[in-house]
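See below for the structure under consideration.
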């Protein structure tokens, strides 16, 4: 197979998506004849800088392949790490093309606006001489695993909120309440819901020593800078959203509170269940949520918003409606992937159904042994295997936990079995290194809200 003049090889293509071009596989093929060194550095909050040294081919014939490689590489780094300033050191032509793309008028306008909202500074791409390239400045952050005392764990989902009262690591009370944060414009609705959950859990314990929150979104400290939960709240009320969790905690007094991205808390729950680190958690639900805990049980302070990171280079791939880009993770590891693939398998879905109802319809078919539905889930399993090749390039993963609505029942087993088979056949070294699995019973018992409860360190 060939893409932009680069030969690459994939044996197990997704049956329902044979045009799929795995980014991780193509990268390896491209780099084999790359000789011109370049450096990509990405700066984020508090002067933290991630530096990646790589090479491009740098010939006249390879100009389009070079740009595709660098543009997708930068895009992946941006959504895995986060940042507001990209330094491209060593090739002015590529830097200038990136500068044009990463403006509010360019093809990466969504990315620019998102990162400006997160970091609250203008986004820029800097053409940099190799000698002037900034040095790496990384700092991992210890996360969770604290069990002592009386704690509240809160999990803010898009359709329900869960809260647990936890005393010395044991859950004494849990409840799940339906709410509709994504359709509410008044931040008071969200605030009242959060406070009600906190107070309910507090009433089940003699005192509250700390509060931990797992929430969708990108956080700087405890502030949700961008979050789908508050998508309807107008920009002029942004300050009320940024302070919402800290203000809610004050309703219980001077109680320490720590807020973390729900993907990272998923990885933390996995690490606590497995009693080890180097854990990536991937939840396939409405979208793709990813988190990562390193070998020391720390988070890296990265965004891990891999729903918007590229996985497929096929230029006819489905576009994500929000980010407008093609070939990004949320169309491969979510209910959207099932809905996308079902018609290709010959399954007609009623357009009047919601996305969640369409997923349930395909799930019912696969549970009944429908061969067409089985192909849908096997194709997602192929996506996952080939994408592991990409994710493990940027993350040191030894345990990959896959969960979420898409992974439930027979369909989830097909995804996992297909993924493991392809890893063994095409990527044997990866198959030996990474254990891909559904959450085991212990991890399930830890749960999202209990893992969240472990976030704050209580000072005595």
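Just check segment 219-301 against the gyration tensor rule for me: Cα atoms, a ≥ b ≥ c as the square roots of the eigenvalues, rounded for a/c under 1.5, and otherwise prolate or oblate depending on whether a/b exceeds b/c.
On the way: a/c = 2.70, a/b = 1.55, b/c = 1.74.
Note, shape of segment 219-301 comes out oblate.
Given a Förster distance of 51 Å, report the FRET efficiency between residue 53 and residue 160 from their Cβ-Cβ distance, rounded to the nearest 0.05.
Numbers: r = 45 Å, r/R0 = 0.87.
Once rounded, the FRET efficiency stands at 0.70.
With both bridge residues required to lie in segment 1-160, what share of the DSSP beta bridges run antiparallel, to the nearest 5%? Present the calculation step by step, with values, prior to reporting the outcome.
On the way: 16 of 21 bridges.
Of all bridge pairs located within segment 1-160, approximately 75 percent are antiparallel.
For the chain, give the share of DSSP beta bridges that are antiparallel, in percent and rounded to the nearest 5; count only bridges with both residues there.
Values: 45 of 69 bridges.
Percent antiparallel among DSSP bridges in the chain is about 65.
Measure off 7 Å from each Cα along the Cα-to-Cβ vector at residue 239 and residue 147, then give the distance between these two points in nanometres to one decimal.
Computed distance between label sites residue 239 and residue 147 equals 4.3 nm.
Would you calculate the separation in nanometres between label points at residue 28 and residue 321, each defined as 7 Å from the Cα along the Cα-to-beta-carbon direction?
3.6 nm
Figure the gain on full extension for residue 196 and residue 398 (residue separation times 0.36 nm, minus the Cα-Cα span) and round it to one decimal in nm.
My answer for the length gained is 68.8 nm.
Report, to the nearest 10°, how far helix 187-202 tilts away from the longest principal axis of the Cα atoms in the chain, using its own Cα long axis and a range of 0 to 90°.
So the helix axis and the longest Cα principal axis differ by about 60 degrees.
Using the 10 angstrom Cβ neighbour count as an exposure proxy, how do 220, 194 rank, fewest first?
Working: 220 16, 194 25.
Ascending Cβ contact count within 10 Å gives the list 220, 194.
What does the extension gain come out to for residue 232 and residue 349, with contour length at 0.36 nm per residue minus their alpha carbon separation? Don't jump to the answer; show the numbers that get you there.
Values: separation 117, 0.36 × 117 = 42.12 nm, distance 2.87 nm.
Extending this stretch completely gives an extra 39.3 nm.
Restricting to bridges with both residues inside segment 272-442, how much of the DSSP beta-bridge set is antiparallel, in percent to the nearest 5? Could you put the intermediate results ahead of the total?
Numbers: 8 of 16 bridges.
So the antiparallel bridges in segment 272-442 amount to around 50 percent.
Rounded to the nearest 10 degrees, what's the angle between the helix 109-119 long axis and the longest principal axis of the chain, both from Cα atoms, 0 to 90?
The answer is roughly 40 degrees.
Quote the FRET efficiency, to the nearest 0.05, computed for residue 247 versus residue 424 with a Förster distance R0 of 45 Å and r equal to the Cβ-Cβ distance. Spell out each step's value before the answer.
On the way: r = 51 Å, r/R0 = 1.13.
So the FRET efficiency works out to roughly 0.30.
I'd like the FRET efficiency for residue 129 and residue 2, computed as 1/(1 + (r/R0)^6) with the beta carbon distance as r and R0 of 41 Å, rounded to 0.05.
Working: r = 34 Å, r/R0 = 0.83.
My answer for the efficiency is 0.75.
Test of understanding: ordering 31, 315 by Cβ neighbours within 10 Å, fewest first, what list do you get? Walk me through the numbers on the way to the answer.
Values: 31 15, 315 12.
Ordered from fewest to most neighbouring Cβ atoms within 10 Å, 31, 315 come out as 315, 31.
Taking the chain as the reference, fit the longest principal axis to its C-alpha atoms, fit the long axis of helix 409-426 to the helix C-alpha atoms, and give the angle between the two in degrees, 0 to 90, nearest 10.
Value to nearest ten degrees: 40.
Indicate the gyration tensor shape class of segment 272-442 (rounded, prolate or oblate), computed on the Cα atoms with a ≥ b ≥ c the square roots of the eigenvalues: a/c under 1.5 is rounded; otherwise a/b larger than b/c is prolate and the rest oblate. All intermediate terms of the calculation are to be shown ahead of the outcome.
Values: a/c = 1.71, a/b = 1.44, b/c = 1.18.
It is prolate, given that a/c is not under 1.5 and a/b is the larger ratio.
Mind sorting 380, 401, 339 by how few other Cβ atoms lie within 10 Å of their own Cβ, fewest first?
Details: 380 29, 401 25, 339 20.
Listing 380, 401, 339 from fewest to most nearby Cβ atoms yields 339, 401, 380.
Which shape class applies to segment 33-132: rounded if a/c is under 1.5, otherwise prolate when a/b exceeds b/c and oblate if not, where a ≥ b ≥ c are the square roots of the Cα gyration tensor eigenvalues?
Details: a/c = 2.08, a/b = 1.51, b/c = 1.38.
Here segment 33-132 falls in the prolate category.
Among 125-131, 187-193, 18-24, how do they line up by average Cβ neighbours within 10 Å per residue, starting with the highest?
So the order, starting with the most tightly packed, is 18-24, 187-193, 125-131.
Want the number for residue 117 to residue 60: 0.36 nm per residue separation, take away the alpha-carbon distance, what's left?
Values: separation 57, 0.36 × 57 = 20.52 nm, distance 3.77 nm.
That works out to 16.7 nm of additional length.
Whole Å is fine, so just give me how far the alpha carbon centre of segment 109-152 lies from that of segment 1-68.
23 Å
FYI, it's all coordinate maths here, none of it is from the lab. Keep in mind that this is a model prediction, so the values were computed, not measured. Heads up, the Cβs are rebuilt from the backbone with ideal geometry, glycines too, and the neighbour counts pull from every protein chain shown.
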